1. Report the residue count in the range 146-190 for those that are in contact with a strand residue (DSSP E or B) (Cβ under 7 Å, 6 or more places away or on another chain) and part of a helix (DSSP H, G or I).
2. I'd like to check something: does the range 87-100 contain any residue that is in a helix (DSSP H, G or I), under 21 Å from residue 128 (Cβ atoms) and open to solvent by 30 Å² or more (accessible area, probe 1.4 Å)?
3. Any residue at all in the range 479-489 that is within 16 Å of the ligand (Cβ to nearest atom) and under 26 Å from the mean Cα position of the chain (by Cα)?
4. Just the residues that are in a helix (DSSP H, G or I) and open to solvent by 40 Å² or more (accessible area, probe 1.4 Å), please, taken from the range 429-442.
5. What's the total number of residues in the range 150-180 that are open to solvent by 30 Å² or more (accessible area, probe 1.4 Å) and β-branched (Val, Ile, Thr)?
6. Select from the range 134-174 the residues that are within 16 Å of the ligand (Cβ to nearest atom) and under 16 Å from residue 123 (Cβ atoms) and list them in ascending order.
7. Among the numbered criteria (1) within 30 Å of residue 113 (Cα to Cα); (2) open to solvent by 20 Å² or more (accessible area, probe 1.4 Å); (3) within 16 Å of the ligand (Cβ to nearest atom), which single criterion is violated by residue 197?
8. Looking at the range 232-311, what strands (runs of 3 or more DSSP E) fall wholly within it and have at least 1 residues that are among the charged types (D, E, K, R) and open to solvent by less than 20 Å² (accessible area, probe 1.4 Å)?
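The values are calculated or read from the model by the stated rules, or taken from the named source; none is laboratory data. Worth saying up front: this structure is predicted, and the values here are computed from it rather than measured. Positions of Cβ are backbone-derived with ideal geometry, glycine not excepted, and every protein chain shown enters the neighbour counts. The accessibility values were calculated without ligands, DNA or RNA, using every heavy atom of the protein model including side chains. Shrake-Rupley method; radii C 1.70, N 1.55, O 1.52, S 1.80 Å.
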Amino acid sequence: MQRTQALLLDPCILVIFGATGDLARRKLYPALYNLAQDQLLPDRFAVVAVGRQAKSHEDANEDMIESIKAFSRTEYTASAKDQKLLTCFHYFQMDFYDSSGYARLKSLLDAIDQQCKTQGNRVFFLAVAPEHFAPIALELKAHGMAPNRDSWQRVVIEKPFGHDLKSAQELNGVIRSTFAEEQIYRIDHYLGKEMVQNLMVLRFANTLFEPLWNNKYIDHVQITFAETVGVEGRGSYYEKAGALRDMVQNHMLQLLTLIAMEPPVNLDTESIRDEKVKVLRSLRVKPEGVIRGQYGPGVVNDSQVMPYNQEERVDPNTNVETFVALKAHVENFRWAGVPFYMRTGKRMPRKYSEIVISFKKLPGVLYFKDEKLDPNLLVIRVQPDAGIFFKFNAKKPGTEHTIVPVSMDFSESSLAGFNTPEAYERLLYDVMRGESTLFTRWDEVKYAWQFVDQIAKHWRAVNVRAITYPAGSFGPPQADFLIRSDGREWHEY
Ligand code: BG6
């Protein structure tokens, strides 16, 4: 089966800008290794890793193997299949701002085309800091490296795609001057996660859920993305982003669209994206109700950690948020009146991402007239232990008539075995086969920026200070008031 899948892939060269960076080391090389293991790379294939550091080909090869050993989900075994990846790997040193470097790069790619019969097809993966996206795209255009005639060239762009709507529009303008929309793959790595891909199947392939998926039966939805890490040396990036731009604008809103969208007319990329965009256009929030927090000192995983404002490359007087909680509404016929509570933060007690669909309570006519009957909950756990958990009420065995909540638990690993493919494997594979459903279209990015811009604008206008919360907690108490004042509680993982 996998062999057949690989045969469907066009020959191509994957050009990774940012060859020595964190993303390439932690995610891309291990993903390529696992794709090679699963025979999901094109038969005629080459990788050109472009970096600024001077390195011999042997050293670059050695570094790639080290990163595979450190970060791959499967063990590195120097087998014949791995050799395939090594033999097609080239390191190329250049400064992204040296125009002559692009001319040399073009000659190398053309020479590889001759040698490996890769037919001029290219994936340009920009695994670099966002300020380099536009200059690299312009150089690729200037050197005729993305003509998209007789062969295809695609560009993969990591987040953040801009800093606000205006900068995103400018960046998009530059990228679009080199690549057509269909050739642009804007990454949101959450879309590559197994459980996120499962969301549509869960909704649209189950009679049990789809008829209930609306404001008649659903009381509210919660989305929590909690992380234990701090900013991990990314202070200079994070100071410009904060949790609102780093997590809400992309990962959280993408998940929300998949939960709230209408059934698409078919499973084509554009039909699905059209429905996601409609959700973003219907999304409302009261910016003054959004909770902004920043971690102070505290204990996470039994270790004392420093406050955000003492992290490397962070301004000691910073007001950047590491936590956001908000209540939004999707103002359409299906969802009117159903709140979507969202929260995300760094330095929380546990790392997990989950969606909770809380169904409406039944009237207390037969059981629990005092209305204590627990609501049915559908919990979609994105990570860790990806799976679905359904909580419902049943009678406790025995002579007394006691009702207790019980649950059915489905773990993704029980279907797939352990070591399910990492998001980047799926995403790289999809770019190579020209499948862009798991990437974001420009209008999705645009409306997501519009949504967060109104919050950022309000924060600026009235100088909203981030509320300090102890590291190791679930954010400031105001995040609890946000949901409690509606008579609800955050679901405890
Ligand atoms: C990234 C953010 O997009 O997602 C990081 O920039 C965050 O700040 C990360 O830590 C979380 O991803 P995951 O897959 O570990 O949940």
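1. 2
2. Taking the range 87-100 as the starting set, the residues that turn out to be in a helix (DSSP H, G or I) are 87, 99-100.
Narrowing the set further to residues that are under 21 Å from residue 128 (Cβ atoms) leaves 99-100.
Of the ones still in play, those that are also open to solvent by 30 Å² or more (accessible area, probe 1.4 Å) are 99-100.
Yes: one or more hits.
3. Filtering the range 479-489 for residues within 16 Å of the ligand (Cβ to nearest atom) gives none.
No: the range 479-489 contains no residue that is within 16 Å of the ligand (Cβ to nearest atom) and under 26 Å from the mean Cα position of the chain (by Cα).
4. Residues satisfying the conditions are 433, 442.
5. Of the residues in the range 150-180, 1 are open to solvent by 30 Å² or more (accessible area, probe 1.4 Å) and β-branched (Val, Ile, Thr).
6. Once the filter is applied, which keeps residues that are within 16 Å of the ligand (Cβ to nearest atom) and under 16 Å from residue 123 (Cβ atoms), the range 134-174 yields 156, 157, 158.
7. (1)
8. Details: elements: 283-285, 291-300, 303-305.
Per the criteria, no element qualifies.
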